[in-house]
Amino acid sequence: MKNLLIHCKNTSLVDLAEFKENNIVFKIPDDLEVDRYMTNLIDEQIVPSQPDAIFIKYALENDYIAFLGLRLGYHIRLYQGDKKITDIPLIFVGEETITELIRLSHFTDILGTEGTYFIKEELHQAKTVLQRVESGQLSGCDSSADFLNRITIQAPRNYDTRHSFINELSLYLWSRYIGNQEAAEQVKKRVENNLYFKYKINSEQYLKEQEQITELPVFEVSSKILLIDDEAEKGWETFYEHLFSRSEKKVEFKSLNVSRNSSTEDVLVNAESAIREFNPDVILLDLRLTEQDVFEKDPKKLTGYSILKKIKTINRGTQVVVTSASNKSVVFRDLLNAGADNYVLKNAEAIIGTSSLIEAIKLAINEAKILKPIHTSLSISIDAIRSDQLKKLDVGEDSDYYYEELKSELISYLSLVQELLTNRNNTDRFSITLLQMHKCLEVITDYYIESLFEKSSKPPQYEFYTGEHAHFFSMDDGNNIKVIKWKKSNHMSIVQKFFNTYHYFTNRPKSSLFVELKKLNKYRNSYSHPNLDRDFTSLEALYEDDFKSFRKSFIRVTSAFFEFFIAIR
Amino acid sequence: MKNIVLIEDKLPRMEFLCKEKELNLTEIKELTIISDSKFESLKKSIGKSEFNLLEGFKAIMSHHSAWSQKELDSIKEYCKKTNTVLILFSGGISVTHLRTSKPQVLLIDVERFYSNRLILFIDAFIKSEELNLPILQYGKNWKINVLMETRNNLAVFLSRNPGIEVLDYYEESIKLPQALYSISDEFELDLSWYENGIRQNAYQVLTELNKQLTSAIKKVLFQ
């Protein structure tokens, strides 16, 4: 039998013959962090000596009440190697009572676990325990699961360190889950000595996470994805490259290098330049990007927050998935208010975490494919209206009034569409968008057609004031258009008004455009009669069930709307 | 008069922690703060092994990661030569660590450093002109640390010297921490034997002191 005593020259037990040779003086070198030293101590001294029991002083340092002996006990129990060492009986030595220890240390859970004993600084007590070890009466810790269930280890208290550890832990577990061993090993090398890390990766809850994803996801819609993360080079870039590796032909992935030492302003300038140049569909954005951010409590002052605002001014449709280790609800709320489209928490739950991330990215790609072109057109259209680019008609002294009314109505409808589209919680947002677009066309045709007719000196209703005839556009099954002169007695439907307005300004009947305008009108009508016509309501279902068809259909209709808009500029 | 210098390359962190813990370091005239461009100048000087900017300070407090290993070695060498206390703080330090050999080096976690204990430490220095590192090391717990360390050392001595009758003079091996004497009155610890030794029943006298220490610990922790 061999027993080992670990102390810092602060025990009389070292005088016992048993420990004369078998003792280790605990002394942390200046340049070594305590957890690294403890890990090395186990690897280099404790394991090779193959003890049957280990006696440890509670205090192992001149920082007496740090009770590093307890911390060392955890390191031994969480050791990833020889199970004999992990399960070994641990005998803590010191004058401290349990209640004193509980009052002073966060590491006392171990004292209530199997295979752990404690004695005072008295030789006869030590001898009794040694005899029990000799006779095999002193059991060790047989169940690691039970040990892990009985203990908790708090995350490092320093904010910066804690933030990094949660980030590192999620990177490690998520990388391992998606089978990216390279990134996982990169992290492991950095933090494997840390007690909190050892505890987390040992915990039963996380042992389950050792399962791997059956196969990497396939991202089917072509897209550009940009990562903005100060820890990209620490492994997140590799993580995402691996995540997108089955979608190389579809996903173009880039990472922006952010230096923690940069100022918020510099990071913002670099990010804006990268976004304008790369024109990503989805941006994976971390919030704390600079040294200043680490200690910033107000989410609105974080660099990531400023970048988010900037992204949304460039194109509201660019999707921003915020990835952060911060789970504070105030952060979440402020980000949503600033336009974030999704929020994925970097945490230690690999299956849930990566699933949320994959789902968020897929959704973001789909959203971007719909929203980016529409938001671009919406911004251009609103700017054109504001800068008086719409054709203005001379209808006498009320010309300005009618024109301003037209502008005001269109801006309010289009602005509403801007808001509506970004709100994924609105289950009818696409339908209502089309409804609003239809409304815009009604407002436009009301302005132009009525005005044009009113202005006519000779007012036959089928003739524009310029003398041009109004037309009737008939379309056969092959979408061939036949244009005939309008008959005075006929009522002009709203669709015919759309066609006439477009034709008036462009002097051409465009069948593909007219088909889509007819569809837009059909959607509008189905909104009024949802029980009779399901086109409108089925639009949202199509988004969920067959995104490609939805995208094709929705983009065609909305493109027709914007093309119509261009015609009147 | 130069007293204590604080070298901080991460000013936002200092400002954040000081604001959070309501510390107003800039108003302490005994404390010189070196940051920003002054820090850059100091770094250049130290790179050339010039220490004139640090001359006269009794303690140097600095962010550990502000320096390369070579620069740090050079600063330690300077502290050793000039008997200057070196206090290094950093974000990655789990346990406060004091090296008592020359130079005295205290390694401390940054959040523990920027806390009320820094003010207590500087206040104590202003009053006594002594650098009481346990205050900085343990903050409000420094007394319990001293009491517990003493009790342990005494227990070790008693275990090694069962039934000892006479203690001629202060026995080095008892290892009473220096700081114990400053709190002995407060906790009614009988150290009257310290100057002249114990003529008889030394074991009982020291056992009694051990009980006094336990009472003192109880008082601090549970009252």
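The values are calculated or read from the model by the stated rules, or taken from the named source; none is laboratory data. Please read these numbers as outputs of a predicted model, since none were measured by experiment. Cβ: placed from backbone, ideal geometry, glycine included. Neighbour counts: every protein chain shown.
In the condition set (1) within 30 Å of B:N116 (Cβ to Cβ); (2) part of a helix (DSSP H, G or I); (3) free of Cβ contacts under 8 Å to residues at least 60 places away in the same chain, B:L147 is compliant with all but (3). Of all residues in region A:61-89, those being in a helix (DSSP H, G or I) and within 14 Å of chain B (Cβ to nearest Cβ) number 10.
Kindly list, by first and then second residue, each pair from a residue in region A:393-410 that is over 18 Å from A:C440 (Cα atoms) to a residue that is not aliphatic (A, V, I, L, M), limited to pairs with Cβ atoms under 7 Å and residues at least 6 apart or on different chains. These pairs meet every condition: A:V395/A:Y402; A:V395/A:S451; A:V395/A:E454; A:V395/A:K455; A:S399/A:K392.
Is it the case that A:T466 is surrounded by fewer than 14 Cβ atoms within 10 Å (Cβ to Cβ), among the hydroxyl-bearing types (S, T, Y) and at pLDDT below 90? Answer is yes for this residue. Among the residues of this structure, A:S262 does not count as one that is modelled with pLDDT of 95 or more, of a type in the set (S, T, N, Q) and out of contact with any helix residue (DSSP H, G or I) (no Cβ under 6 Å at 6 or more places or on another chain).
Scanning region B:125-162 for residues that are within 9 Å of chain A (Cβ to nearest Cβ) and closer than 15 Å to B:I108 by Cβ gives B:Q137, B:Y138, B:N141, B:N145. I'd like to know if region B:63-72 contains one or more residues that are closer than 17 Å to B:I108 by Cβ, within 14 Å of chain A (Cβ to nearest Cβ), buried (at least 18 other Cβ atoms within 10 Å of the Cβ) and modelled with pLDDT under 85. No, region B:63-72 contains no residue that is closer than 17 Å to B:I108 by Cβ, within 14 Å of chain A (Cβ to nearest Cβ), buried (at least 18 other Cβ atoms within 10 Å of the Cβ) and modelled with pLDDT under 85. In this structure, does A:S144 turn out to be touching a residue at least 40 places away in the same chain (Cβ under 8 Å), closer than 30 Å to B:F222 by Cα and of a type outside the set (K, R)? Spelling it out, it is not the case that A:S144 is touching a residue at least 40 places away in the same chain (Cβ under 8 Å), closer than 30 Å to B:F222 by Cα and of a type outside the set (K, R). Here A:N337 meets the list (1) more than 29 Å from B:G91 (Cβ to Cβ); (2) surrounded by fewer than 17 Cβ atoms within 10 Å (Cβ to Cβ); (3) in contact with a Leu (Cβ under 9 Å, 6 or more places away or on another chain); (4) not hydrophobic (A, V, I, L, M, F, W, C) almost entirely, failing just condition (3).
Within region A:429-446, restricting attention to residues that are more than 16 Å from A:F550 (Cα to Cα) and either in contact with a Leu (Cβ under 7 Å, 6 or more places away or on another chain) or of a type in the set (G, A, S) (or both), the residue that is surrounded by the most Cβ atoms within 10 Å (Cβ to Cβ) is A:M437. Look at region A:288-311: where a residue is in contact (Cβ under 8 Å) with a residue 40 or more places away in the chain and closer than 19 Å to A:V269 by Cβ and a partner is assigned to a helix (DSSP H, G or I) and of a type in the set (D, E), sitting 6+ places away or on another chain with Cβ atoms under 6 Å, you get A:K310/A:E272.
Remark: A:S49 falls outside the filter, which requires a residue to be farther than 22 Å from A:C141 by Cα and of a type in the set (G, A, S). Residues in region B:183-213 that are buried (at least 16 other Cβ atoms within 10 Å of the Cβ) and hydroxyl-bearing (S, T, Y) were compared, and the one that is modelled with the highest pLDDT is B:Y203. Residues that are among the aromatic types (F, W, Y) and surrounded by fewer than 17 Cβ atoms within 10 Å (Cβ to Cβ) within region B:123-177 comprise B:Y169, B:Y170, listed in sequence order.
Results for (1) under 43 Å from the mean Cα position of the chain (by Cα); (2) within 14 Å of chain B (Cβ to nearest Cβ), shown as yes or no for each residue.
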site: A:I24; (1), (2): no, no
site: A:V34; (1), (2): yes, yes
site: A:A59; (1), (2): no, yes
site: A:E96; (1), (2): no, yes
site: A:I102; (1), (2): yes, yes
site: A:G112; (1), (2): yes, no
site: A:G115; (1), (2): no, no
site: A:A126; (1), (2): no, yes
site: A:R132; (1), (2): no, no
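Counting only residues that are closer than 23 Å to A:D31 by Cβ and more than 11 Å from chain A (Cβ to nearest Cβ), region B:105-124 holds 0 of them.
Here the condition is being modelled with pLDDT under 95 and on the phi < 0 side of the Ramachandran plot; of A:Y37, A:Y117, A:Y74, it holds for A:Y37 alone. A single member of B:N201, B:N132, B:N161 is out of contact with any Ser or Thr (no Cβ under 6 Å at 6 or more places or on another chain), of a type outside the set (A, V, I, L, M), farther than 25 Å from A:V93 by Cβ and in contact (Cβ under 8 Å) with a residue 40 or more places away in the chain, and it is B:N132. Yes or no: region A:216-233 includes at least one residue that is surrounded by fewer than 14 Cβ atoms within 10 Å (Cβ to Cβ) and among the small types (G, A, S). Taking every residue of region A:216-233 in turn, at least one turns out to be surrounded by fewer than 14 Cβ atoms within 10 Å (Cβ to Cβ) and among the small types (G, A, S).
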